[in-house]
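First the structure, in the form of structure tokens, and then the observations on it.
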Amino acid sequence: MTNADPKAVEALILALPESAGSAIYGLIDVFASTGTLWLELVGDEPGGRLIRAKIVSLSRDPFQCGNAIPVTPDVTIDEASNPDIIVVPELWIARDDDLADRYSELKEWLRRRHQAGSIIYSACSGAVLLAAAGLLKGKAATSHWGYADMFRRRFPEVRFIPEPNIVFADDTGRIVTAGGATAWHDLAIHIISRHCSPGEALHIAKVYMLQWHGDGQLPFTSLVRRQAHADSVVRQAEDWLRKHSREPQAVAGVVTECGIPERSLKRRFATATGSTVIGYVQNLRVEEAKRLLETGNTSLDDVAAAVGYENSAFFRRLFKRCVGLTPGNYRRMFRPIFDAGRVRQG
């Protein structure tokens, strides 16, 4: 067993029944290799571990987390000393679960550890627990894009930013959140770079072939999600727009369809969905454009026209703003390996 460097960073990885086992053990594995594995592979003198990582939970009793993966905690939150860092990995929770009704003791522990100086990181939906603990109040945060609507409704005091893969809560840098389901990859690279060295982070990225998601989450985000609300007129508008979004006068058409004043419809639509009517139309068009880019070789001008834009330059700018990639780069990223019945070359 490789010894740890005496100055190694103390890291606690939080594990709960809702946790994703891949993130827990992925972080444990990567951190355990920091400072050692690269040196072994290239034949240099063995080094010491730069991060001492342990699994922390509410008790030491073994339990099963997501997909029935067994977890045996190393320490409890009562036993843990003041670690350098705490990592809250992905939690398998519903997209409207704000964790308000459980884990009060754990939330208090996180608040105390933060006050005592620990730096707290979260990956994906782990940010929900930080928000529920009050640690993100008045601060910036990210999480998986699927939780954006819940943050808007349940945690309006949090400035939720869905685009980046890493977000610092404030200028102190003592709370950091990471985005999507495999964001623990980005988080691990970030933590190693910050607490060990950028060079060691690069070594670990090479050894594990971890790719930094520099484009953030936007390319993977669905721009149109069905909201839970009770406004039947707005629901009628949404259903109509899904069928008629390509039409040149879609906004005027939906006003006529709903039979209420345009100002009233726009106000009710924004209240129920968090989006403007024109924003919803644009999102529908961009989602359709993404489908066309993923499944065919239609020219970009023809894609623009197919979704309702005669001005292809405007379409390209809108697509880049909404998705974070140009249409051409999006096609290259998401077009299937098997294209038109043959393997693509190059």
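Taking the criterion of being assigned to a helix (DSSP H, G or I) and either at pLDDT 85 or above or under 14 Å from SER197 (Cβ atoms) (or both), the residues of the stretch 33-57 that qualify are SER33, LEU37, TRP38, LEU39.
Scanning the stretch 138-197 for residues that are of a type in the set (Gly, Ala, Ser), surrounded by fewer than 21 Cβ atoms within 10 Å (Cβ to Cβ) and touching an Asp or Glu at 6+ places or on another chain (Cβ under 8 Å) gives GLY138, ALA140, ALA181, SER193.
In this structure, SER57 qualifies as of a type in the set (S, T, N, Q) and surrounded by 18 or more Cβ atoms within 10 Å (Cβ to Cβ).
Quick check: anything in the stretch 101-123 within 15 Å of the chain's Cα centre (by Cα), assigned by TED's automatic domain parsing to the domain that holds ALA8 and of a type in the set (D, E, K, R)? Taking every residue of the stretch 101-123 in turn, none turns out to be within 15 Å of the chain's Cα centre (by Cα), assigned by TED's automatic domain parsing to the domain that holds ALA8 and of a type in the set (D, E, K, R).
With assigned by TED's automatic domain parsing to the domain that holds HIS185, among the β-branched types (Val, Ile, Thr) and under 21 Å from GLY134 (Cβ atoms) as the only criterion, which of ILE69, ILE55, ILE51, ILE93 stands out?
Selected residue: ILE93, the only one of ILE69, ILE55, ILE51, ILE93 that is assigned by TED's automatic domain parsing to the domain that holds HIS185, among the β-branched types (Val, Ile, Thr) and under 21 Å from GLY134 (Cβ atoms).
If the condition is being part of a helix (DSSP H, G or I) and either touching a residue at least 40 places away in the same chain (Cβ under 8 Å) or farther than 19 Å from ASP186 by Cβ (or both), then the stretch 127-147 contributes ALA127, LEU129, LEU130, ALA131, ALA132, TRP145, GLY146, TYR147.
If the condition is being touching a strand residue (DSSP E or B) at 6+ places or on another chain (Cβ under 7 Å) and either among the acidic types (Asp, Glu) or not in a helix (DSSP H, G or I) (or both), then the stretch 182-209 contributes ASP186, CYS196, GLU200.
Among the residues of the stretch 12-26, those identified as in contact with a helix residue (DSSP H, G or I) (Cβ under 6 Å, 6 or more places away or on another chain) and at pLDDT 95 or above are ILE13, ALA15. Restricting the stretch 9-26 to residues that are closer than 25 Å to ASP98 by Cα and of a type outside the set (Gly, Ala, Ser) leaves a set whose member that is surrounded by the fewest Cβ atoms within 10 Å (Cβ to Cβ) is PRO17. Give me the residue from the stretch 60-106 that is of a type in the set (Gly, Ala, Ser) and in contact with a strand residue (DSSP E or B) (Cβ under 9 Å, 6 or more places away or on another chain) and, out of that set, surrounded by the fewest Cβ atoms within 10 Å (Cβ to Cβ). That would be SER81. Just checking, does the stretch 262-272 include any residue being within 29 Å of PRO156 (Cβ to Cβ), loosely packed, with under 15 Cβ neighbours inside 10 Å and of a type in the set (Asp, Glu)? Checked the stretch 262-272: at least one residue is within 29 Å of PRO156 (Cβ to Cβ), loosely packed, with under 15 Cβ neighbours inside 10 Å and of a type in the set (Asp, Glu).
The values are calculated or read from the model by the stated rules, or taken from the named source; none is laboratory data. Being a predicted model, the structure only gives us computed values, none of them experimental. Here Cβ is always computed from backbone atoms with ideal geometry, including for glycine, and neighbour counts include all displayed protein chains.
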